[in-house]
Amino acid sequence: MAKKSNNLTAKTVKNLEFSPDCSNKYADGGGLYLFIHQNGSKYWRMDYRRPVTQKRNTLAIGIYPDVSLEQARLKRDEVKKLLSDGIDPAEHRNQNRQEKRAILENTFNKFCQEWLKTRELENKVDSETIRKLNKDILPFIGDMPVVNMTVEQLERDVTDRVVERGALESARRIKSIMAMVLKLAVKKRVITYNPAYDITLPQPIKGNHNAVTDEKELAELLRKMWRFTKDNPRNRLTTELAMKLSVYIFQRPNEIRGLLWESVDFERRQLSFSASKTHQEHIVPLSRQAFDILKELQDLQTNSAYVFPSVKTGRECMSEDTIRQGLIRIGYKGRHTAHGFRATARTILDEELEYRTDIIEHQLAHTVKDPNGTAYNRTAFLRRRRELMQLWADYLDTLRQGGDVSQFKPKNEEGNIILFNKNTA
């Protein structure tokens, strides 16, 4: 005869109390019983025989009233289903707990740390990768288990934020960093699919103003520009100096090639001219490096009114094709243009050096309105723009010479680059 089940009632369970004169075990049937501790606490437990050894074992089901009689019976039925399939419920529970713990512990930040350590051993770690991790990646997904990551979530929480800033090159690099970190999780068999690979990013607009905006590529471009006449004595020194001045002051190509000596104020260390596109009076503070280039050009000065006169006649300025041809000679056809120096400065000053956007825009001679709607003022932020131009020139020189450009970038409060998300175990 089968043992009777569901012996208890909800009212009985509620009213039962500890008694020193009995075992305080009240069976409901099917191995399920209520145990009452001497302090009055009530525990659901279930006795069963292990599928392989047939040894008796007791499984904790829950604490009353957090687990009601009805819920305890459902758990009993789940246990019986496992037993009928030859599965030990205690071992099954422990395995589930380990899997859940592993999921919670296998965060993006965990694999990020392991990936960075490997790169460090391979001498591949650079401060720029770490800065992007700390700024645009770890604060948003560092503590998230990698098994929970999806393409849509990575786009929403990470890359979309960067794209909204207009930083497409940074978004591309950030996607690559996430892909490399998650590739390690795939290798460890924690996940079977790398969602970073399928992140969709807007394609850069192709046009006449292609520009180098990646630091490593810019460093190589600068080195080639600085070797322009050394590598080929037939190249003109004035072309080299025009390219150098272009990258230092990032004004429009027509403003550089058409620059007049009357616009150069050596005493105040600045240029003053009418912006070619907006026709507004514009001031360009000169860094030490830009000042030295103009002094060198002054030593080469002919009777021309132009800083960069035409090779044919001093009555005209340098051809609009000169700088473009110079860039082609050093291998940058279709990759970087004379106008591209502006995009280079605009992108890196904003994205890498995190300089104030309104000050950058003023220095680009873009029309910038204040909160009251007042249009561009050529003297606005002049002191800060002098600081900006010197910082930019020093950054370019350090980058070209292979130095540590992290000194020009924002740091945390202690002045150090943060390697990892400190809030993650």
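Every read-out reported here was derived from the displayed coordinates using simple, explicitly stated rules and does not represent laboratory data. What you see is a predicted model, and the numbers here were worked out from it, not measured in a lab. Counting neighbours? That spans all protein chains shown, and the Cβs are built from the backbone with ideal geometry, glycine included.
Using a Cα distance threshold of under 28 Å, what count of lysine pairs results for the stretch 10-104 when pairs must be 8 or more residues apart or interchain?
27
Between GLU267 and ARG156, how many nm apart are label points set 7 Å from Cα along the C-beta direction?
Those two pseudo-labels are separated by 6.3 nm.
Between ARG384 and ASN232, with labels modelled 7 Å along Cα→Cβ, what's the label distance in nm to one decimal, could you check?
4.2
At a 10 Å Cβ-Cβ cut-off, how would you order THR302, THR238, THR118, fewest neighbours first?
THR302, THR118, THR238
Once you've got the GNM for the chain with C-alpha springs shorter than 10 Å, pick whichever of ILE348, ILE61, ILE249 has the biggest mean-square fluctuation.
Of ILE348, ILE61, ILE249, the most mobile in the Gaussian network model is ILE61.
Highest GNM mean-square fluctuation, the chain, Cα pairs closer than 10 Å: which of ASN24, ASN194, ASN134?
Sorting by GNM fluctuation, first place goes to ASN24.
Tell me, in nm to one decimal, what length is gained between LYS188 and MET144 on full extension, where the rule is 0.36 nm per residue of separation less the Cα-Cα distance?
14.1 nm
The chain: percent of C-alpha pairs farther apart than 38 Å?
48
Given GLY334, LEU218, ALA60, which one lies farthest toward the positive end of the charge dipole of the chain, if we put +1 on the Cβ of every Lys and Arg and -1 on the Cβ of every Asp and Glu?
Value computed over the given set: ALA60.
Find how many whole Å separate the alpha carbon centroid of the stretch 27-100 from the alpha carbon centroid of the stretch 110-154.
Using only Cα atoms, the two centres lie 42 Å from each other.
Calculate, for ALA90 and VAL67, the FRET efficiency according to 1/(1 + (r/R0)^6) with r their C-beta to C-beta distance and R0 22 Å; round to the nearest 0.05.
The pair ALA90/VAL67 has a calculated efficiency of 0.80.
Cross-link partners among aspartates and glutamates for LYS187, C-alpha distance below 13 Å, same-chain residues fewer than 8 apart left out?
Output for LYS187: GLU114.
Go through the stretch 280-293 residue by residue and turn each phi into a ³J(HN,Hα) via Karplus (6.51, -1.76, 1.60, θ = phi - 60°); whole Hz please, and just put x for glycine and proline.
9, 5, 9, 10, 10, x, 9, 6, 4, 5, 5, 4, 5, 5
For GLN407 and ALA60, what is the calculated FRET efficiency with R₀ set at 45 Å and r taken between the beta-carbons, to the nearest 0.05?
0.15
Quote the charge dipole size of the stretch 215-408 about the Cα centre in Debye, to the nearest 20; the model charges only the Cβ of Lys and Arg (+1) and of Asp and Glu (-1).
With only Lys, Arg, Asp and Glu charged at Cβ, the dipole is about 540 debye.
Most exposed first by the Cβ proxy, i.e. fewest other Cβ within 10 Å, how do TYR248, TYR197, TYR43, TYR48 rank?
TYR197, TYR43, TYR48, TYR248
Which ³J(HN,Hα) values, rounded to whole Hz and listed in residue order, are derived for the stretch 148-162 from phi using the Karplus coefficients 6.51, -1.76 and 1.60 in 6.51 cos²θ - 1.76 cosθ + 1.60 with θ = phi - 60°, glycine and proline given as x?
Once rounded to whole Hz, the list reads 8, 7, 10, 4, 4, 5, 5, 5, 5, 8, 10, 5, 4, 4, 6.
Below 24 Å Cα-Cα, how many Lys pairs turn up in the stretch 215-408? Only count pairs eight or more apart in sequence, or on different chains, if you could.
17
Rounded to two decimal places and with Rh computed the Kirkwood way over Cα pairs, what is Rg over Rh for the stretch 108-198?
Expressed as Rg/Rh, it is 0.94.
As an exercise, identify the GluC sites (Glu not before Pro) in the stretch 111-182 lying in DSSP coil whose Cβ has no more than 11 other Cβ atoms within 10 Å.
Within the stretch 111-182, the qualifying GluC sites (Glu not before Pro) (loop, at most 11 other Cβ atoms within 10 Å) are GLU122.
Which FRET efficiency, nearest 0.05, do SER276 and ARG223 yield, Cβ-Cβ r, R0 41 Å?
0.85
Would you list LEU221, LEU241 from fewest to most Cβ contacts within 10 Å?
LEU241, LEU221
Which residue, ALA196, ALA305, ALA60, tops the fluctuation ranking in a GNM of the chain built on C-alpha contacts under 10 Å?
Comparing ALA196, ALA305, ALA60 in a Gaussian network model of the chain, the most mobile one is ALA60.
What is the spin-label model distance, in nm, from TYR197 to LEU121 if the labels are put 7 Å beyond Cα along the C-beta direction?
The answer from the label model is 2.4 nm.
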